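Step one of this worksheet: look at the structure below.
The values are calculated or read from the model by the stated rules, or taken from the named source; none is laboratory data. Note that this is a predicted model, so its numbers are computed, not measured. Methodologically, a virtual Cβ is constructed for each residue, glycine included, from the backbone with ideal geometry; neighbour enumeration extends over all protein chains shown.
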Amino acid sequence: MNADRFKYKEITDIILRSFYEVYNELGDGFLESVYENALYIVLTGYGLCVERQKDISVFFRGNIIGDFKADLVVNEKVIVELKAVRTLDPVHEAQLINYLKARPPRLSSRWRAGNKY
């Protein structure tokens, strides 16, 4: 597979590496906020611009109908949604798809920091 086909590959490679740094050091069992804070430290250490708990408005026919908080937004391009769960559920995927609908043309990623078993 051609690596050049991936949007924001350089950013997502750093995010993925950073996630594993955090997870390998902290392990599982913490709240999402703990992983979010640690990931923020690592990502900003790599020189990325990271916003935590960023408010993002949802529009319908030109009107704001609600908002959500993205766990992390990296370089104003990638939404990172953290889940401290044993397994990812289809509702988690739906949540990310809705985030993308609310804020195109962004890339989102979800990370599970739950128990390995």
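Would you check if S57 is under 21 Å from A94 (Cβ atoms), touching a residue at least 24 places away in the same chain (Cβ under 8 Å) and among the polar types (S, T, N, Q)? Can you show your working first?
Values: under 21 Å from A94 (Cβ atoms): yes; touching a residue at least 24 places away in the same chain (Cβ under 8 Å): yes; among the polar types (S, T, N, Q): yes.
Against the criterion (under 21 Å from A94 (Cβ atoms), touching a residue at least 24 places away in the same chain (Cβ under 8 Å) and among the polar types (S, T, N, Q)), S57 qualifies.
Residue by residue, here is whether (1) surrounded by 11 or more Cβ atoms within 10 Å (Cβ to Cβ); (2) at pLDDT below 95; (3) in contact with a His (Cβ under 8 Å, 6 or more places away or on another chain) holds:
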{"residue": "F19", "(1), (2), (3)": "yes, yes, no"}
{"residue": "G47", "(1), (2), (3)": "no, no, no"}
{"residue": "L82", "(1), (2), (3)": "yes, yes, no"}
{"residue": "A102", "(1), (2), (3)": "yes, yes, no"}
{"residue": "R106", "(1), (2), (3)": "yes, yes, no"}
{"residue": "Y117", "(1), (2), (3)": "no, yes, no"}
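Write out, first by first residue and then by second, each pair whose Cβ atoms fall under 8 Å of each other, whose residues are 6+ apart or on separate chains, and whose first residue, in segment 29-45, is over 17 Å from V74 (Cβ atoms) while the second is assigned to a loop (DSSP other than H, G, I, E, B) and not aliphatic (A, V, I, L, M).
G29/N115
Is it fair to say V73 is under 14 Å from N37 (Cα atoms), modelled with pLDDT of 90 or more and out of contact with any helix residue (DSSP H, G or I) (no Cβ under 8 Å at 6 or more places or on another chain)?
Details: under 14 Å from N37 (Cα atoms): yes; modelled with pLDDT of 90 or more: yes; out of contact with any helix residue (DSSP H, G or I) (no Cβ under 8 Å at 6 or more places or on another chain): yes.
Judged against the criteria, V73 is a match.
Might you check whether a residue that is of a type in the set (S, T, Y) and over 18 Å from E81 (Cβ atoms) occurs anywhere in segment 17-28? Break it down into steps so the answer makes sense when it comes.
Step one: filter segment 17-28 for residues of a type in the set (S, T, Y), giving 18, 20, 23.
Then drop every residue that is not over 18 Å from E81 (Cβ atoms), which leaves none.
No: zero hits.
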